[in-house]
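Enquirer: Can you read through this structure? Questions will come right after.
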Amino acid sequence: MIRERPATPVRRTVRSVRPGLLAAAALAALAAAMPWLGVSSYARTLVYYTAYFLTLGQAWNLMSGLTGYVSFAHGALAGIGAYAAVIALNAEWPMAAALGAAAATAVLASLVIGATSLRLRGTAFTFATLFFQELVLLVVRKLRFTGGPGGIVLSEILPVWLPHVMMMVLAGGASIAVALLCRSRVGVRILAIKNDEVAAAAVGIDATRLKLVLFCASAGLAGLAGAAHGLFAASLYPDVLFSVDVSLVALAVPLIGGVATAAGPLAGAVVYVGIREVLQSIAPGLHVTIVGLLLLGVVMFMNEGVAVAIGRAAARWRGHGGRQRARAAAGDD
Amino acid sequence: MSLTLACQLVMNGLVFGALLGLVALGLALIFGVMRVVNFAHGEFITLGAYATFLLVTRLAVPPLTGVPVALVLGALAGWFIQRTVLSRVSGRPELEVLMVTYALSVVGLGLFSQGFGGDFRSYAEGPTGNLRLAGVVVGWRSLSVLIVCLVMGALTLLLVQRSRTGLGLRAIAQNRDASAACGINVPRSEQLAFSLAVGLAAAAGALVSLIGTTTPTVGHEWVLDGFVVVVLGGMGSITGAVVASLALGLIHSFASYALDDSWARILTYLLLYLAILVRPHGLLGRRAEL
Amino acid sequence: MTVLSRRTFVASGAAVLGAGLTGGLMRRVEAAELIKLGAALSLTGRFSDSAKYCQEGYVLWSEHVNAKGGINGRPVQVVLYDDESNPDTGRVLAERLIDRDGVLAILGPYSSPITDAMATATERAQVPMLGTIASDSSIWDRRKLRWSFQAFPSSDVDHEGFLKILGDKGGIKKLAIVYEEAPFSIAAKEWAVRKAKEMGLAVEAFGYNPGAQDFRSIIERIVAFGAEAVSMGGYYQPSIALTRQMIERGYNPAAYHFIQAADGVTKDALGANVEGIFGRSAWESTIDTPANKAFVQAYQAKFNRIPSYHSAAAYACGQVFDAAIRAKGTDRKAIRDHLATATIPTVLGGFHANAKGQQEGYRYVLIQWQGGSAKLVSGDSGTALLWPKPKWK
C-alpha cells in the first residue's frame, strides 16, 4: 500500500492509456452536465460528493501516495482554500482571482510545512502535518479576519451548478494529471524515492526538492477542491472544515482504493460514498467505524488497495481459465 | 506575581503535567520498544474513563478503585489488540503500522460514540474538600490524581530501569535483532510493553473521568498533547517524555494565566514546531530516532 | 439507542390514522392529502442526547395534531433523518427532504451550525424553515435569510436574567463573565459586558477554548480580579467542570449563574453544592399556563418524565407551522410571509420574528436551585431569592 507496486510489469506508456484518459474526461463531462439533465438533486449530490472526495484523494495521492510520506494536513489545506475563496469573493474579487487566491494560500501553507519538515524522516513529517492541522484550527478560530469561531459565510449564495461543474472539472483533471504523472519520467523518479530514498539520492535524484514540488502541487489541488466546496456549502465553520475527519477521508479514499494509481481514488471515493449512503438509513452513527474497519482491513490484507486487489483477482480468474484452455488444447499430458 | 500565586500555578500545572506524563510514558514505551506510533492510545484512555464511569454510577464503587480496574482492563484489551492486529504487521514499514493504529483509533472512536452517545458523562463521587498549604489551595481530588500518577509513573520507571524485564525492554529498544540473538523473547516483551503502556493509558483515563468529564473524544484530546511531549522529549525516551510533560504542564498553566487558553495552546504548538526543526530527535532522545 | 427511520414514522402516522378512522373523527383521506414536514436531527454524534428530546417533541406534536383531525383536515407526517451532528450532512439531508421526500417545510435541527448549513439549502430551494434550537442570532446577521426563522430565544440575552437580579439586589461591584469561544457565547458575552458597564459594574470576561476541561488558570484570574459574582455562558459540560474546580479552589462567589444550570442533571452532577446556583431557561415545566400544563401532562403520559426545554421548543415549532398552515394553506411563499409577520402563541411564549428573521417574542426566564429543585425566580410568579449563595463545601 505504501510500498511500491511489484517490479515486474512493464511501464505502460502514455499512448497505451489514452483510451482510459479519454473515458475519464468523458465521464467528468457527463457528470458536470448533471444539473441540466433533469436528474434528481439526490443523485446529483451523490455524484458531487464522490467527485469532492475523489479530488481530495487525488491531491493526497499526488503527495503521499507517490512519495510515501503520509500527510494529515490535506483537510486543513482544503479548508484554507475554502476560506481564501470565500474571503476573496466577499471582497468582490472576480471568480478566477478568488480561485487563484485559494490555490496560492494553500500552496503557501504547504511551503511552510514542507520547507520545515520534509528534510526529516517520514514519521516527523506526519507529526508535523498533524500538528499543523491543529494549529490552523486554533488560529482560524482566534482571528477576527477569518470570522473567529463562527466562521464565515458567502454573502451571496451561489446557484448549485457552479460548484458542481467546478468539482467535476477538478476531479477529472486531477485524475488525468495523476495518471500522466505516474507514467512520466518524473513519476519514475518519485517512485524511486519511495522505494529507497538513500539509493535514489545516490543516483542524483534531489529528493527534498521533488517532495516539496509535489507537496505544493498537491496542496494547490486540495485548495481548489476546498474552494469549490466552500462555494457549495456557502457557510464555513472552522470546527467542521478543519476537523481531522476531512484529512481522514483524504487519505482513506486512496488507501482503500489503491495508492499511486489514478483509478484507486475513484474506486475509494465510490466505496466511501456508497457506504455512507447505505449506512444513512440503517445505522448512521456507524459510518466512521466502518471506514476505520475498512481502512484496517485494506492496510492489513489488501495492501495495494481494493482496485488492484480486484484487478489481480480478475486476472487470476482469467489466467486460470486460460491455463485450462491451454492444457485442453495441448491435450492432457 | 506573588509567590503564592506562582506556587498555585505550579501546583495546577503539576496535576495536568503528571496526568499527561502517564499518557506520554506509555506512548514513549511503545515507540521505544516496538517502533510503533500508537495513534490508538487515546482509545484506551477513553476506555478507562468510561469503565470508571460505569463502575461508579452502576456499582457504586469509589472512583479511585477504578484506577486498578482500568489498568487491568486496558492491559487486557491491549494484549488482545497486540495479538490480533499489531503482531501481524510488525515487520512492515513504520508508516503502514501508523495507518493501522490510526485505523484502530477511528474504529474505537466510532464504537464509543455508538455505545455511549455523543454527550458527556460525569459523576459527583470522589474525594472532596481541599488542603491549604501556606496560601496555596489544592483540592483533594486533584491531589489524589497527582499522587496516583506519580506513584504509577515511578513504579513504571523502576520497572524499566531496574528490573530484568525492563533490561530486556531497553535492550530491544536499542537493538532488536541483537536482543533476539541474545535469547530475549522479543514478541513476548513487545506484548508486555504494549499491554503495560495502554494499561497506564486506561488508568490515566480513570483519573481523567474523576477530574474532568467523559466523552467519546476525551482520549483523543489527551493523546494529541501526549504526542507533543513525546516528540519534545525525544521519541522513545521515557524519562524525556515525563520531563517534557511536567514542563508542558507548567508552561501551559502560566501561559493560560498570562494570555488565555487558546493562545497558550497556539504557543505550545508553535514551540513544538520549532523544537522539531531545531532538534528533530527531541531534547533527550537519540539521534537515530527521527 | 434507536434510530428513528422514516419507516417508523410512516408506521406511527398510519397507526394514528387507523385510530382516527375507527374513532370516526376523520373522513377518508388519501396519501396525496398528507402534509409532510421534514426534519434532520442529531440522533447520533455529539448532540445526540439533547437532540433526542427534540425528536420526542416533534413526535408528540404530530400525534396530537393527527389525533385532533390534522391540519385543515389533513394528517401530518414528520419525515426525520439523522444528521450525525454534522452540518454538511444536515445540508445534504435538507436537499433530500425537499427533493426526494417532497416536504412542505423544514423543522429545525439541533445546533446552530447545522441550522446555518441547512439554511443554505432551504434558501436555494425556497422552502420555509424554523431554527428550533438556534439561539445564535448572528446566523441571521451574517447573511440575508428570507426563508428561515429563529424559533428560540436569542443567546444575546443569555445573561439578562442574572444581571437583572444583580441590579435589583445591589451590593455586587465586580462581575466575572466566562464564555466559550463560540459565536453564541461570544455574542452573549458582548451583550452582557455592555449591559454590566451600563449598570456601573466592574466587569471582566474570560474566554476558553471549546472542549477545555481545565479552568484553573481562569479561576486564578477571577480570584485575582476579585469578582463577587460569576456568570458562565458556555455549554453544560464545561460549566460543571468550572464549578467543580471553583469549589476545589475554595473560591466562593456570592452569586453564581451558568446558563445551562436549569438542566435536571445539574443536581446529580453537583449534589448539595447546587443550592443557590442560578440558571437561565427558555422554558420551564412549572410555567403556569393552561397550554403549558396540557403539554407537560401529555408528555409525561407518553414518555414518563418531565419534558426538557428541547422537547418544548420542538413542540412549539410544530405549533408555529400548524398556525401558519391553518392561516395560509400549503403555499410555501404564503407560509413564509406569515412566519415573517405573525405573532403565534406556543408553549414557549409568543413567537414573533423581526425583519431579519431573528426571534423577538420569546424571552428567557431565570431559575434558582433551592431545596433541591429548580425554582422559577423571574417574572411575576417567581419565588423569593436565596441570597447570597450558600458557601460551597
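Bear in mind these aren't lab numbers, they're just calculated from the coordinates by the rules spelled out. Bear in mind that the values here come from a model prediction, so they are computed numbers and not experimental data. Please note: Cβ atoms are built from the backbone with ideal geometry, for glycine as well, and neighbour counts cover all protein chains shown.
Enquirer: Name the most mobile residue of C:N273, C:N72, C:N292, meaning the one with the largest mean-square fluctuation, in a Gaussian network model of chain C with Cα contacts below 10 Å.
Expert: C:N72
Enquirer: Taking every DSSP beta bridge that has both residues in the protein assembly as shown, what percent is antiparallel when rounded to the nearest 5?
Expert: Bridges in the protein assembly as shown are about 40 percent antiparallel.
Enquirer: Give, as ranges by residue number, the residues of segment C:213-236 whose backbone N falls under 14 Å from the point 7 Å along Cα→Cβ of B:N130.
Expert: Answer for this model: C:215-227.
Enquirer: Same structure again: Give me the net charge of B:T4's neighbourhood, meaning all other residues with Cβ under 14 Å from the Cβ of B:T4; Lys, Arg count +1, Asp, Glu -1.
Expert: Values: positive: B:R132, C:R249; negative: C:E220.
Spelling it out: positives minus negatives among the neighbours equals +1.
Enquirer: Still on this model: If a/c stays under 1.5 just call it rounded; otherwise compare a/b with b/c (prolate if a/b is bigger, oblate if not). Do that for segment C:144-242, with a ≥ b ≥ c from the square roots of the Cα gyration tensor eigenvalues.
Expert: It comes out oblate by the Cα gyration axes.
Enquirer: Once you sort the root eigenvalues of the Cα gyration tensor of segment B:110-210 as a ≥ b ≥ c, which label holds: rounded (a/c under 1.5), prolate (a/b larger than b/c) or oblate (the other case)?
Expert: oblate
Enquirer: Another question, if that's okay. What trypsin sites (Lys or Arg not before Pro) does segment A:91-183 have in DSSP loop regions with at most 12 other beta carbons within 10 Å?
Expert: Hits after loop and neighbour filter: A:R144.
Enquirer: Treating only the Cβ atoms of Lys and Arg (+1) and Asp and Glu (-1) as charged, compute the dipole magnitude of segment A:104-198 about its Cα centre; round to the nearest 20 debye.
Expert: Details: 9 positive and 4 negative charges, 46 e Å.
Value, rounded to 20: 220 debye.
Enquirer: Counting Lys and Arg as +1 and Asp and Glu as -1, what is the net charge of the other residues whose Cβ lies under 14 Å from the Cβ of C:S48? Don't skip to the answer; put the middle values down first.
Expert: Numbers: positive: B:R121, C:R46, C:K52; negative: B:D119, C:D49, C:E56, C:D82, C:D83, C:E84.
That works out to -3.
Enquirer: Using Cα springs under 10 Å in a Gaussian network model of chain C, which residue among C:R326, C:R363, C:R280 shows the largest mean-square fluctuation?
Expert: Result: C:R326 has the largest fluctuation of those listed.
Enquirer: Could you size up the charge dipole of segment A:53-162 around its Cα centre, putting +1 on the beta carbon of Lys and Arg and -1 on that of Asp and Glu, and report it in debye to the nearest 20?
Expert: Result for segment A:53-162 is approximately 360 debye, rounded to the nearest 20.
Enquirer: Which of rounded, prolate or oblate describes the protein assembly as shown when judged by the alpha-carbon gyration tensor and an a/c cut-off of 1.5? Can you show the working numbers first?
Expert: Values: a/c = 1.79, a/b = 1.17, b/c = 1.52.
Because a/c hits 1.5 or more and a/b fails to exceed b/c, the protein assembly as shown counts as oblate.
Enquirer: How high is the FRET efficiency between C:Q126 and A:L21 when r is their beta carbon distance and R₀ equals 41 Å, given to the nearest 0.05?
Expert: It comes out at approximately 0.50.
Enquirer: What whole-number distance in Å separates the alpha-carbon centres of segment C:326-353 and segment B:156-187?
Expert: Cα centroid to Cα centroid, the span is 74 Å.
Enquirer: Identify, among B:L146, B:V198, B:F227, the residue whose Cα sits farthest towards the positive end of the charge dipole of segment B:129-241, taking +1 on the Cβ of Lys and Arg and -1 on the Cβ of Asp and Glu, with the dipole about the Cα centre.
Expert: B:L146
Enquirer: Taking the Cα centre of chain B as the origin, how large is its charge dipole in debye, to the nearest 20, when only Lys and Arg (+1) and Asp and Glu (-1) carry charge on their Cβ atoms?
Expert: 700 debye
Enquirer: With unit charges on the beta carbons (Lys and Arg positive, Asp and Glu negative) and the dipole taken about the Cα centre of segment A:127-257, which residue among A:L162, A:V198, A:V244 sits farthest to the positive side?
Expert: Sorting the options by dipole projection puts first A:V198.
Enquirer: Next question. Which of the pairs C:K293/C:K391; A:K142/C:K52; C:K169/C:K391; C:K189/C:K375; C:K197/C:K293 have their Cα atoms more than 30 Å apart in this structure?
Expert: C:K293/C:K391; A:K142/C:K52; C:K197/C:K293
Enquirer: How much net charge surrounds A:A43 when only the other residues with a Cβ under 13 Å from the Cβ of A:A43 are counted, with Lys and Arg +1 and Asp and Glu -1?
Expert: 0
Enquirer: Return the single residue from A:F232, A:F242, A:F145 with maximal mean-square fluctuation; model: Gaussian network over chain A, springs between Cα atoms under 10 Å.
Expert: With Cα springs under 10 Å in chain A, the top fluctuation among A:F232, A:F242, A:F145 is at A:F145.
Enquirer: Using a 10 Å cut-off around each Cβ, can you sort C:H352, C:H64 from fewest to most neighbouring Cβ atoms? List each step's numbers first, then the result.
Expert: Working: C:H352 16, C:H64 19.
The order, fewest Cβ neighbours first, is C:H352, C:H64.
Enquirer: Follow-up. Based on DSSP loop calls and a cut-off of at most 11 other Cβ atoms within 10 Å, the longest stretch of chain A free of exposed GluC sites (Glu not before Pro) is what?
Expert: A:157-333
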